[in-house]
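So the structure is just underneath, and the comments pick up after that.
The values are calculated or read from the model by the stated rules, or taken from the named source; none is laboratory data. For clarity, every value in this text was computed on a predicted model and none was experimentally measured. Methodologically, a virtual Cβ is constructed for each residue, glycine included, from the backbone with ideal geometry; neighbour enumeration extends over all protein chains shown. Keep in mind that these areas ignore ligands, DNA and RNA; they rest on the heavy atoms of the full protein, side chains included. Shrake-Rupley method; radii C 1.70, N 1.55, O 1.52, S 1.80 Å.
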Amino acid sequence: VKLVFFDTTEDPDILQKYQADYSGTINAGDIIIKSGSQVRTVKTSEMFDVDQNKLQYYYYGQISYKDCITGFSGEQKLTSAIMYVTDADPKKVAFITQSNGENIFNQQNAYSVQALQQLFEDNGYDVTTVDITSDDISAETYDVAVLPAPQNDLTEDGIKKLTEFLYNNGDYSKQLMYFADYTQSATPNINEFLELWGIQVDDCIVRESDSSKNQQATISLGTAAFPVASIVEAGDEDTSYSDGLSNTTLPIIAPLSKSVKLLWDSNNERSTQALLKTDDTCYEYPLSALKKSSDSSEESSAENETEFDENSAEKSEQIIMAAGKRSTAMGEVINTSTVFVAGSMSLVDMYLTQSSSYNNGSYVMNAINVATGKGGGLTIASKDMTAKTITIS
């Protein structure tokens, strides 16, 4: 590794050496990582974790940027950039964020979508944001497609793009990661597409009946008690998507997650596999009952409570993430396309993925690494830079 500092005011032509191989714009203060023709940049601000609430005061000039910093994540950023530029065949991701120029996701999921995109970039993937309506999702260009909790249903043309991408002219070997969310409206086209991969997403939120098993956690929407999910051990015919995780015992928080169902175990060249599940003390709380409860007045709330009794609800293990697979034999090699389905966009909320106390981000990325054959991912915990005070008696 060779380290060079340069001043563009004294040598303005030096940037051309790097800009020629970089599609983005290189700005003053950027850290440039280059190997051969591969170039990646890291902004100084990206080296730090910040308090999003305090950041609002910084934008209004009331505090300095330093006051917003909570942790140093430079090790993760720089190491990931080095891994990317030294990768001879980086995996390319079509990150579907828009439809007809508008964001497809609900605004309250914006931080989770941003955190997921950052996870892919931090793990050395070449990420391109695309519009499902106007852009091609070509199997020749991309290895992975990500569909983060579209608020509205996809058109038949959008479903066709995803289907053709996964089919890859019969060669398969493509991956799709889809996040459902309780904020979505009706999605019949997406539901029909998922059924072909042996997966169904129910209109409910998974809740824990045993409060002692909930875990208090902070996400972008606030702090609350959420169910905890565990990694499902792979069977003889299954793929172990946890291979490579440094610590499989860390909890995975399942906030506001829909329940995911498997429609079959195997069906000719198709198979399904549960990846994350809750304890058997959880139950499904219908979204229809949740909406009635939030819309009802105080006088009618008691009446609505009788429509769904949480105490008598059936308790069982609930799947919150699953995989549907289709394979084909290419000589002695088996090529597989996989559709990963998660029940909540908050599964990759930025507070959960940035924390070294949870396996949320690490597991999701490890699963896609295993599917793409990319090899071990990389997660380096941020170093806490907040001041801690202790009151001594």
Practice item. May I ask for the Kirkwood hydrodynamic radius of the chain, worked out over all distinct Cα pairs and given in angstroms to one decimal? Key: 22.7
Review point. Put a dot 7 Å past each Cα toward the Cβ at Thr129 and Glu75; how far apart are the dots in nm?
Key: 3.0
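Among the listed pairs Lys43/Lys161; Lys17/Lys383; Lys77/Lys261; Lys17/Lys92; Lys161/Lys315, which have their C-alpha atoms separated by more than 31 angstrom in this model?
Exceeds cut-off: Lys43/Lys161; Lys17/Lys383; Lys77/Lys261; Lys161/Lys315.
Counting only DSSP beta bridges with both residues in the chain, tell me the antiparallel percent, nearest 5.
On the way: 51 of 70 bridges.
That works out to approximately 75 percent antiparallel.
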Study note, to complete from the structure: Classified through the alpha carbon gyration tensor (a ≥ b ≥ c as square roots of its eigenvalues; rounded if a/c is under 1.5, else prolate when a/b is larger than b/c, else oblate), the range 106-157 comes out oblate
**Study point:** Approximate spin-label separation Asn169-Ser23, in nm, with each point projected 7 Å along Cα-to-Cβ
**Key:** 2.1
Point to revise | Of all accessible heavy-atom area on the range 19-162, the percent that carbon and sulfur account for (1.4 Å) | key: 44
Study note, to complete from the structure: Of every hundred units of 1.4 Å-probe accessible area on the range 207-260, the number belonging to carbon and sulfur atoms, as a percent, is 40
Practice item. Straight distance only, please: which aspartates and glutamates reach the Cα of Lys277 with their own Cα at less than 14 Å, same-chain residues fewer than 8 apart left out? Key: Glu208, Glu233, Glu317
Review point. Near Asp122, within a Cβ-to-Cβ distance under 14 Å, what is the net charge of the other residues, with Lys and Arg +1 and Asp and Glu -1?
Key: -1
Practice item. Run the quick spin-label model on Asn335 and Glu317: label points 7 Å from Cα toward the beta carbon, then report their separation in nm to one decimal. Key: 3.4
Review point. Which of these, Ile26, Ile132, Ile231, has the largest mean-square fluctuation under a Gaussian network model of the chain (Cα springs below 10 Å)?
Key: Ile26
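Which sequence of Val127, Val42 reflects their accessible areas, 1.4 Å probe, from the largest down? Before the final figure, lay out the partial values.
On the way: Val127 30, Val42 10 Å².
Heavy-atom accessible area, descending, gives Val127, Val42.
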Practice item. Beta carbons within 10 angstrom, averaged per residue: use that to sort the peptides 219-225, 254-260, highest first. Key: 254-260, 219-225
Check your understanding: Tell me, what HN-Hα J-couplings in whole Hz come from the Karplus equation 6.51 cos²θ - 1.76 cosθ + 1.60 at θ = phi - 60° for each residue of the range 142-153, using x for Gly and Pro?
Key -> 10, 9, 9, 10, 10, 10, x, 6, x, 5, 10, 5
Exercise for review: Determine, at each q value in 0.19, 0.20, 0.22 (inverse angstroms), the log₁₀ of I(q)/I(0) that the Debye formula gives when each Cα of the range 164-300 is one equal point scatterer.
Suggested key: -1.37, -1.45, -1.55
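Are there GluC sites (Glu not before Pro) in the range 183-234 that DSSP marks as loop and that have at most 11 other Cβ atoms within 10 Å, and which are they? Numbers along the way, then the final one.
Numbers: sites: Glu192, Glu195, Glu208, Glu233; in loops: Glu233.
For GluC sites (Glu not before Pro) across the range 183-234 that sit outside H, G, I, E and B with at most 11 neighbouring Cβ atoms in 10 Å, the list reads Glu233.
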Check your understanding: Can you give the translational diffusion coefficient of the range 71-172 in µm²/s, computed by Stokes-Einstein from the Kirkwood radius over Cα pairs at 25 °C and 0.890 mPa s?
Key -> 166
Point to revise | Partner aspartates and glutamates for Lys325 [C-alpha distance under 13 Å; skip if fewer than 8 residues away on the same chain] | key: Glu195, Glu237, Asp238, Asp265, Glu269
Check your understanding: Ordered by packing density, taken as the mean number of other Cβ atoms within 10 Å over each peptide's residues, highest first, how do 14-25, 314-325, 265-276, 335-346 rank?
Key -> 335-346, 314-325, 265-276, 14-25
Exercise for review: Report the net charge of residues surrounding Glu208, where surrounding means a beta-carbon distance below 11 angstrom and charges are Lys +1, Arg +1, Asp -1, Glu -1.
Suggested key: -1
Practice item. For the range 113-238, build the charge dipole from Cβ charges (+1 Lys, Arg; -1 Asp, Glu) around the Cα centre, then report which of Tyr167, Gln118, Gly235 sits farthest towards its positive end. Key: Gln118
Exercise for review: Would you calculate a helix-derived [θ] at 222 nm for the chain, using -39,500 (n - 2.57) for each DSSP H run of n ≥ 4 and dividing by the full residue count, to the nearest 500?
Suggested key: -6500 deg cm²/dmol
